[in-house]
Amino acid sequence: MSHFAVVAPTYPSHFSALQALGLALVERGHQVTFMQQHGVAGWLDDPGIGFVGLGPQARGEADVAQALRLAGRTGNPWHLYRLIRQMADNSTLLCEHLPDALRKHQVDALICDQMAPAGALIAEALHLPSVSVACALPVNREAGIPLPVVPFAAGTDARTLRLQAGSERVHDGLMTPLSKVLMRACRHHGLAPRGQLHAFLSPLLQLSQMPVGLDFPRQHWPAHAHALGPLRRTTREAPGTWPISAERPLVFASLGTLQGHRFDLFERIASACQHLEVQLLLAHCGGLDAQQQARLHARGATFVTDFAPQQWAVRRADVVISHGGLNTVLDAAVAGTPQLVLPIAFDQPGVAARVEHHRFGLRLPHRASRARIAQALNELLQAPAGRFRSLAEDSAALDGAQRGAQLIEQALASGRALLNEEATCASI
């Protein structure tokens, strides 16, 4: 049995995906402990997963609450700068407190989210094996593959390569506060100096939720990187109980946990559905109050709720509208349901570009008018069979969490990079 420490950024969706992977390891007899500042423990809802809080408790709870507020409002440049500063501060805390916690709890290996590079840095400093996991779009860089945060298509023509180089310069400049923290920690621990996310990916094993069938075609994917598909828990999901009519199409709309407060966008979606006379099941993930929910009903939303059983909802719907969060897009793609993606922040523009590239649906800017949303919805609803693809053709039967746990065991047992051809299961 091995003891794994999981280091994830302070976002619920990342915790959810990595908890599914952690539970698959627990089922195999291992011990799994998340390590992060206080304020995130409530996101772990299974007693089989441990948690160690790092740093002062009061500060941690305040920092996490602030990070969630900032993450939901990145359209403001000042909020974006503060969010990057918060990421840098969190990395400083991890670099200061992780080493003692890992020694005290006798951790054998780390599972590090790509968005939490401090975990991989400390693992390297302590000579502990680590595994990198991309819960969002992979940050692995490659000529012709745009950064996750930009809406560009892939390509190797001169114009695309210029766009890629320019966007990387802007991105790396914005991320300077985080880079300085990582560079300083590298110098402190005697490691090769580096400060960008992709410079801290594991040389042993890299895992990704992004299936090959949804990513842009890559020519230089690392040989020890494995595309798993969705990291989900295996518990059976109960169906929704809303009185949905079989006589009219159903649209399911969700903007995720961090963006569920965007009433104006929900209002335009509801109005578009009313114009088309289709049913709308709208899940705001706790972001709206009772008065706002009532206003959405008046605007045309058929059912308004905080949470809906998502995998059921995307299967039941005729169209899924989302912000381009990878979890929702993966669920809809596996279900074979056409999507309308309205990206807002983070890697959502990159996810939307991939949805359009692979014909899983359409994308619009999140400020699109009611008329444009209605037009796109109508196009999706009226599309002939076969126009929009289904990822189910490629990966519906795969259990990403179980396969990921198996690959982690193999890599740890061998102590060397686990190449694709060495895995017992073929890549997606």
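The values are calculated or read from the model by the stated rules, or taken from the named source; none is laboratory data. The structure displayed is predicted, hence computed values, not measured ones. Note that we place each Cβ from the backbone using ideal geometry, even for glycine, and neighbour counts take in every protein chain shown.
Matching residues to (1) touching a Gly at 6+ places or on another chain (Cβ under 9 Å); (2) modelled with pLDDT of 95 or more; (3) of a type in the set (Asp, Glu); (4) more than 25 Å from Arg218 (Cα to Cα):
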residue	(1), (2), (3), (4)
Leu121	no, yes, no, yes
Ala153	no, no, no, no
Leu174	no, no, no, yes
Ala185	no, yes, no, yes
Ala199	no, yes, no, no
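Going through the range 412-423 one residue at a time, which ones are surrounded by 17 or more Cβ atoms within 10 Å (Cβ to Cβ) and either modelled with pLDDT of 95 or more or farther than 18 Å from Asp108 by Cα (or both)?
Result: Ala423, single match.
Go through the range 20-30 and give me each residue that's in contact (Cβ under 8 Å) with a residue 40 or more places away in the chain and out of contact with any strand residue (DSSP E or B) (no Cβ under 8 Å at 6 or more places or on another chain).
Within the range 20-30, Ala20, Ala24, Glu27, Arg28 qualify.
Would you confirm, using the coordinates I've provided, whether Leu288 is assigned to a loop (DSSP other than H, G, I, E, B) and either in contact with a helix residue (DSSP H, G or I) (Cβ under 8 Å, 6 or more places away or on another chain) or not assigned by TED's automatic domain parsing to the domain that holds Pro309 (or both)?
Here the answer is yes, as Leu288 does meet what is asked.
To keep it simple, each residue is scored yes or no on (1) among the β-branched types (Val, Ile, Thr); (2) modelled with pLDDT under 95.
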site: Leu21; (1), (2): no, no
site: Gly39; (1), (2): no, yes
site: Gly42; (1), (2): no, yes
site: Ile49; (1), (2): yes, no
site: Arg82; (1), (2): no, yes
site: Thr92; (1), (2): yes, no
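Residue check: is Thr337 in a loop (DSSP other than H, G, I, E, B), buried (at least 22 other Cβ atoms within 10 Å of the Cβ) and touching a strand residue (DSSP E or B) at 6+ places or on another chain (Cβ under 6 Å)?
Judged against the criteria, Thr337 is a match.
Test Ile244 against the stated conditions and say whether it is touching a residue at least 24 places away in the same chain (Cβ under 8 Å), in contact with a strand residue (DSSP E or B) (Cβ under 8 Å, 6 or more places away or on another chain) and not assigned by TED's automatic domain parsing to the domain that holds Val329.
yes
For every residue, the table says whether it meets (1) touching a residue at least 60 places away in the same chain (Cβ under 8 Å); (2) crowded, with 18+ Cβ neighbours inside 10 Å; (3) not acidic (Asp, Glu).
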site	(1), (2), (3)
Pro239	yes, no, yes
Gln259	yes, yes, yes
Leu280	no, yes, yes
Ala290	no, no, yes
His297	no, no, yes
Ala317	yes, yes, yes
Ala332	no, yes, yes
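Please state which one of Arg248, Arg194, Arg184 is touching a Cys at 6+ places or on another chain (Cβ under 7 Å) and surrounded by fewer than 17 Cβ atoms within 10 Å (Cβ to Cβ).
Arg194
Name the residues in the range 93-131 that are of a type in the set (S, T, N, Q) and touching a His at 6+ places or on another chain (Cβ under 7 Å), would you?
Gln106
Filter the range 137-193 for residues that are under 28 Å from Leu231 (Cβ atoms), assigned to a loop (DSSP other than H, G, I, E, B) and aliphatic (A, V, I, L, M) and give the result.
Hits for the range 137-193 are Leu137, Val139, Leu147, Val149, Val150, Ala153, Ala154, Met175.
Which is among the polar types (S, T, N, Q) and in contact with a His (Cβ under 6 Å, 6 or more places away or on another chain), of Ser2, Ser13?
None of the others qualify; the one that does is Ser2.
So for the range 207-226 (the condition being at pLDDT below 95, of a type in the set (D, E, K, R), in a loop (DSSP other than H, G, I, E, B) and surrounded by 13 or more Cβ atoms within 10 Å (Cβ to Cβ)), does at least one residue qualify?
Yes, there is a match, as at least one residue in the range 207-226 is at pLDDT below 95, of a type in the set (D, E, K, R), in a loop (DSSP other than H, G, I, E, B) and surrounded by 13 or more Cβ atoms within 10 Å (Cβ to Cβ).
Which of the following residues is of a type in the set (A, V, I, L, M, F, W, C) and over 29 Å from Gly415 (Cα atoms): Met87, Met115?
Unique residue meeting the criteria: Met87.
Out of curiosity, is Leu68 more than 25 Å from His188 (Cα to Cα) and either in a helix (DSSP H, G or I) or hydrophobic (A, V, I, L, M, F, W, C) (or both)?
yes
Scan Ala134, Ala123, Ala154 and give me the residue that is within 24 Å of Gln36 (Cβ to Cβ) and either touching a residue at least 24 places away in the same chain (Cβ under 8 Å) or in the same structural domain as His323 (by TED's automatic domain parsing) (or both).
Of Ala134, Ala123, Ala154, the one residue that is within 24 Å of Gln36 (Cβ to Cβ) and either touching a residue at least 24 places away in the same chain (Cβ under 8 Å) or in the same structural domain as His323 (by TED's automatic domain parsing) (or both) is Ala134.
Do we find a residue being among the hydroxyl-bearing types (Ser, Thr, Tyr), in a strand (DSSP E or B) and assigned by TED's automatic domain parsing to the domain that holds Leu128 anywhere in the range 24-37?
yes
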